[in-house]
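Here the structure comes first, spelled out in structure tokens, and everything after it is commentary.
What follows draws every value from the coordinates through simple rules; no lab data is involved. Note that the structure is a prediction, hence the values are computed from the model and not measured. Glycine gets a Cβ as well: all are built from the backbone with ideal geometry, and neighbour counts include every protein chain shown.
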Amino acid sequence: MTSERPIVFVVDDDSRVREALSSLLASAGFDTALFGSASEFLEADKPDAPACLVLDLELPGTSGLELQRELADRDAPPIVFITGHGDIPSSVRAMKAGAVEFLSKPFDDEELLTAIDAAIAIDRTNRLKRSEQAEVRRRYERLTPREREVLTFVVSGFANKQTASALGTSEITIGVHRGQIMRKMGARSLAELVRLADKLGIPPPEPSTK
Amino acid sequence: MQPPDLMPEGELNPSDTELRALVHTLPALVCRGRADGGGVDFVNKGFIDYTGLAGAAALGWGWMDAVHPVDRRRVTVCAKSILTSGTSQTTEMRLRRFDGTYRWFLFEGSPLHDASGTVVGWNAIKVDVDDRKRADEALRESVQELRLIIDSIPGQVAILNTSGRAETVNRGLLEYFGRPFEDFQFGDTSDHVHPDDLAGVIAAWVQAMSTGTMVEYEHRLRRFDGVYRWFYARGLPLRDSANQILRWYVLLTDIDDRKRAEELLRASEQQFRAIMDSIPGLIALVNATSGEIELVNRGVLDYFGRSREQLQQWTTSDSVHPDDLPQVIAAWQRAITAGEAPEWEHRLRRSDGVYRWFQLRGFPWRDSNNQLVRWYCLITDVHDRKTAEDALRRSETFLLEVQKLSRTGGWRFDVATDVVESSPEIQRAYKVQPGDEISNPEFWFGRIHADDRLRVRSTFERCVREKCGYRSGYRVVLGDGSIGYQHAIGRPVLNEGGELVEFIGASMDMTDHWLATTELERASQALHDMQTKLSRAAQVATVGELAASIAHEVNQPLAAVVTNGHACLRWLSAAPPNIDKAMEAAQRIVNDGKGAGEVVHRVRSLFKRAPVEEVPLDINDIIREVLRLLEADAARRGVALAVSLESDLAPVRGDRVQLQQLVLNLVLNALDALESVADRAKQVSIRSRRAGAHAAIDVEDNGVGLDNPETVFEPFFTTKANGMGMGLAICRSIAAAHNGMLSAVRNPAYGTTFSFTVPLAADDRL
């Protein structure tokens, strides 16, 4: 999936700018999808590929910053802002909210392309993280409740003996559970299991259980 | 009586012996007299037995021995008259019985005739009538006695027959009227009755006659001397066995003295009542044991609209106001049971339903045994006083409340005694403590803030001197060190002679208001500053926004041009070069470049064609308005504004907002031009003057100056780091739209002078 062809979304109300960008990006080997407004972008079906959003700050209706806010918790692609007369407060807000770059029109092609490359790289990483996490989550779902319980002890560094006494069972039983966990989670070592658990955000065992 | 008559006529006597035996056995005394007057020649056995006279002794006039000496002559005369008259004669006589007692006898003698009718003798029969006679005698005596009794009655008695005629009257009656009995028996006695009473008397009698009941009335009767006296008449009917009225017995009793006493009493009562009624209050006499009303005066009747009769069964409680009733009842009970003198105020309902306030006061009246008999209650209408009192109390409360609410106190200053009176509110406002000498004016002056004291005192003293109204506002320092603010006013009160007696005044605690005002002034100043800034910002923004919008319009195609340029280069530098794509991009560059040019053209034409609302305007006003906006800004930048406006400048024709923007921009540019100046006093001079048919306005700065003044009017020319370069271009187009000119000249020493002209309105008209 990492080999997918990336796509650049362009949201600008000025058709001349959209066309120019489309031509420039095509010359740099990017696929583009053009939108005249925030709502057009939101409503469109977007391909599942590494992407970047080139977003005009001044848009009729929903502004660029508003769209950024709206996309914040939606696994949206990283944003490169472009603006006709950008001011410092807007740029600060945009960057704080996670924008990759903030460019004033007219901008240099290298500046834009560098920003887009960076954004796509970020998106690739994000996508990978998301898919890995989804896989780990899928494996974790296969654990029994008891195995999940044991997992918290194991990844917190408890020995089988300690875990057995904490859960009121035998060391052997814990050993069996542990084997099942390793197999189901697809972990080849304890270190790998700990890394996977970290991705899932598994908390340490309840303090009351020693 | 028949047998003695038969005998002398008895010529057919069958037997003298039989007759003789019959005569002798008659239960009466019989004798026969001789015609020659020689006495009797026969007495019967009854006579002999009765008188006890021997037979021979009775004969002749011997029998007369048994006749009572007083009666002898009358009997002799009677007997002789029989002979002489030849008719029967009767008389009564007393005849002595054998035992010496006399009894009454009726002597009846009849003549004896012979066949020829010649009187030949007489017969006499004597019937014992003693018992009857005695009864008659007794009756006569009893009548006599009755008469005496009647006559001795100390009243007047009359016995009337059923037709109203007097049968008998007593002596008293005759004496009273001084008239003989016959006058009463036959005459009309109605003239004895007082004319005023006559109708009543007649009516009483008619009533009595028709019903047969007792008659009773009072009337005045005229005495013999013409004086009328009051009599009480009482008549009772006497009935026979068939219940028919036979006669009336009437007793008249002289009641004149009683009547007069009564009249006196009535007169005194009337007088008393007149006094009571004339008292301008309500009076009620209340029984001290039962609580019942015994007597009231007219005032009570009038007030309640009731008659005395209605008052008898009247429970006054329905006339007392329901709110007062419980206390009134309780108080009455105390009066009745404990003898506590009634005294209270209550509302009583007048006949028209209106309640009025009354004060009731009861005075005890005791009998000779010191026993409480009744309460004399005086009920006085105190409504007006009460309502006045209430009104006064309300008004006082109201005044105090108002003083409290309005935080206004009243004061009085007596000029002669130098004494101050003050209301509670003013004392509160001044935080007066117990022991403060509040009647001393110095106390009040002493409370005034030291900075205000002299001024207030001199004002007040002047008002006293000039007898004029006083008004002053000042701070007071209160006991706890806090500062209050008082606003005092006063009015002089003069006597008839025009001399000042006192000052009456009020003082309002304005502390809150003062604090608020101070605060408000501060806030207001801040607001004003803010407004100035905002207003200026708005004005400036108009040009700035316009420029930004123009910039955006130009920037978009410019951005597209640059991007397309890059794309074009990329397509050309690709291996192999993509000529088609490069040409497309180049074509777009051309198009977008034209677009940008159109924008600039549109901006220019926009200002050329800017619709100008032409109205007469005072250009000096416009300049002053703009300067007001920029004063603070200029001061902040350390720039002195020198203003010199020609006073009699005729109005110009133009658009107020556009001309304001023109002036504003020129002055702002001038201020900006002074930004970097440090070696001399920064100054901007603004002048207005007449220049032929135009008004000319100069804005001169002593700033850095321009090398080539004309170039500043080119669009996008700017000397400023963040400038758009559109300001002066727009300014010139505004001037042009007004048929005026905007020009710039370099000053000999420092800086630039911008001048613009606008045609004068009057010249336009010509």
What distance in nm separates the simple spin-label points at B:Leu372 and B:Ser351, each placed 7 Å from Cα in the Cβ direction?
3.3 nm
Just to confirm the number: angle between the C-alpha axis of helix B:256-278 and the first principal axis of chain B, 0 to 90 degrees, nearest 10?
0 degrees
Can you tell me the 0 to 90 degree angle between the C-alpha axis of helix B:727-737 and the longest principal axis of chain B, rounded to 10?
70 degrees
Placing +1 on each Lys and Arg Cβ and -1 on each Asp and Glu Cβ in the range A:58-210, then taking the dipole about the Cα centre, the residue among A:Ile82, A:Thr125, A:Gly61 whose Cα reaches farthest towards the positive end is A:Thr125
222 nm mean residue ellipticity, helices alone, for chain B (DSSP H n ≥ 4; -39,500 (n - 2.57); rounded to 500)
-15000 deg cm²/dmol
Among A:Glu110, A:Glu135, B:Glu584, what is the fewest-to-most ranking by other Cβ atoms within 10 Å?
A:Glu110, A:Glu135, B:Glu584
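Roughly what % antiparallel, to the nearest 5, for the DSSP beta bridges in the range B:611-707?
Counting DSSP beta bridges with both partners in the range B:611-707, the antiparallel share is about 65 percent.
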Using 0.36 nm per residue of separation minus the Cα-Cα distance, give me the extension gain between B:Glu294 and B:Ala56 in nm, one decimal.
76.0 nm
If you take the charge dipole of the range B:281-365 about its Cα centre, with +1 on Lys and Arg Cβ and -1 on Asp and Glu Cβ, which of B:Gly305, B:Trp365, B:Val286 is farthest toward its positive end?
B:Gly305
Take every residue in peptide A:7-19, count the Cβ atoms of other chains within 10 Å of its Cβ, and give the average of those counts.
3
Mind checking which of B:Leu246, B:Gly117, B:Phe224 is farthest towards the positive end of the range B:117-263's charge dipole, using Cβ charges of +1 (Lys, Arg) and -1 (Asp, Glu) about the Cα centre?
B:Gly117
Treat the count of other C-beta atoms within 10 Å as a stand-in for reagent exposure and order A:Ile172, A:Ile202, A:Ile7 from fewest to most.
A:Ile172, A:Ile202, A:Ile7
Taking R0 as 22 Å, what FRET efficiency do you get between B:Ala138 and B:Arg73 from their Cβ-Cβ distance, rounded to the nearest 0.05?
0.25
Stokes-Einstein D for the protein assembly as shown at 25 °C, 0.890 mPa s, Kirkwood Rh over Cα pairs, in µm²/s?
49 µm²/s
What list of whole percents do you get for P(r) of the range B:253-336, with Cα-Cα distances grouped in 10 Å bins up to the one holding the largest distance?
15, 36, 30, 13, 5, 1
The range A:96-210: relative contact order in percent, alpha carbon pairs under 8 Å with at least 6 residues between:
27 percent
Tabulate in residue order the Karplus-calculated ³J(HN,Hα) for the range B:343-351, using 6.51 cos²θ - 1.76 cosθ + 1.60 with θ = phi - 60°, rounded to whole Hz; enter x for Gly and Pro.
6, 6, 10, 8, 9, 10, 8, 6, 4
Under 14 Å Cα to Cα from A:Lys161, which aspartates and glutamates show up? Leave out anything in the same chain fewer than 8 places away.
A:Glu171
Subtracting the Cα-Cα distance of B:Asp65 and B:Arg680 from 0.36 nm times their residue separation yields 201.2 nm
Rounded to the nearest 0.05, what FRET efficiency do B:Phe398 and B:Glu442 give with R0 = 56 Å and r taken as the Cβ-Cβ distance? Could you check?
0.95
Output ³J(HN,Hα) for the range A:98-105: one whole-Hz value per residue in order, computed from phi by the Karplus curve 6.51 cos²θ - 1.76 cosθ + 1.60 with θ = phi - 60°, and x for Gly and Pro.
x, 5, 7, 8, 10, 10, 8, 6
In nm, to one decimal, how far is the B:Glu175 label point from the B:Arg457 one, both placed 7 Å along Cα→Cβ?
11.1 nm
Convex hull over the Cα atoms of chain A, averaged projected area in nm²?
14.9 nm²
Could you list A:Val54, B:Val432, B:Val600, B:Val70 in order of exposure, starting from the residue whose Cβ has the fewest other Cβ atoms within 10 Å?
B:Val70, B:Val600, B:Val432, A:Val54
Cβ neighbours within 10 Å from other chains - mean over B:566-572:
6
Only residues of the range B:200-218 count here: report those whose backbone N is under 13 Å from the spot 7 Å along Cα→Cβ of B:Thr162, or say none.
B:209-212
Which whole number gives the average count of other chain Cβ atoms within 10 Å of the Cβ atoms across peptide A:101-107?
4
Relative contact order of chain B: what whole-number percent is it, with Cα pairs under 8 angstrom and at least 6 residues apart?
5 percent
Using a 7 Å offset from the Cα along the Cα-to-Cβ direction at both A:Lys96 and B:Leu494, what is the distance between the two label points in nm, to one decimal?
7.7 nm
Taking θ = phi - 60°, what integer Hz values does the Karplus form 6.51 cos²θ - 1.76 cosθ + 1.60 yield along the range B:214-220, in sequence order, with x for Gly and Pro?
4, 10, 8, 6, 10, 7, 9
Estimated FRET transfer efficiency (A:Glu135, A:Asp31; beta-carbon r; R0 25 Å; 0.05):
0.40
Could you order the peptides B:62-68, B:509-515, B:326-332, A:187-193 from most to least packed, using the average number of other C-beta atoms within 10 Å per residue?
B:62-68, B:509-515, B:326-332, A:187-193
What list of whole percents do you get for P(r) of chain B, with Cα-Cα distances grouped in 10 Å bins up to the one holding the largest distance?
2, 8, 8, 5, 7, 8, 7, 4, 5, 6, 6, 4, 3, 4, 5, 4, 2, 2, 3, 3, 2, 1, 0, 0
Non-local residues with an amide H under 5 Å from the amide H of A:Asp31, with H modelled 1.01 Å from N and Pro and chain starts lacking one, are A:Val8
Measure up A:Lys96/B:Lys594; B:Lys80/B:Lys133; A:Lys96/A:Lys129; B:Lys45/B:Lys80; B:Lys80/B:Lys126 against 27 Å on the Cα-Cα distance and list the ones that go over.
A:Lys96/B:Lys594
Relative contact order (%) - criterion: Cα under 8 Å, at least six apart; region: chain A
15 percent
By how many degrees, between 0 and 90 and to the nearest 10, does the Cα long axis of helix A:190-200 differ from the longest principal axis of chain A?
50 degrees
Counting only residues 5 or more places away or on other chains, whose amide H sits under 5 Å from the amide H of B:Asn440 once H atoms are built in the peptide plane?
B:Val420
Cut-off under 16 Å on the C-alpha distance; same-chain residues fewer than 8 positions from B:Lys467 excluded. Which aspartates and glutamates are left, in chain and number order?
B:Asp414, B:Asp418, B:Glu496, B:Glu499, B:Glu502
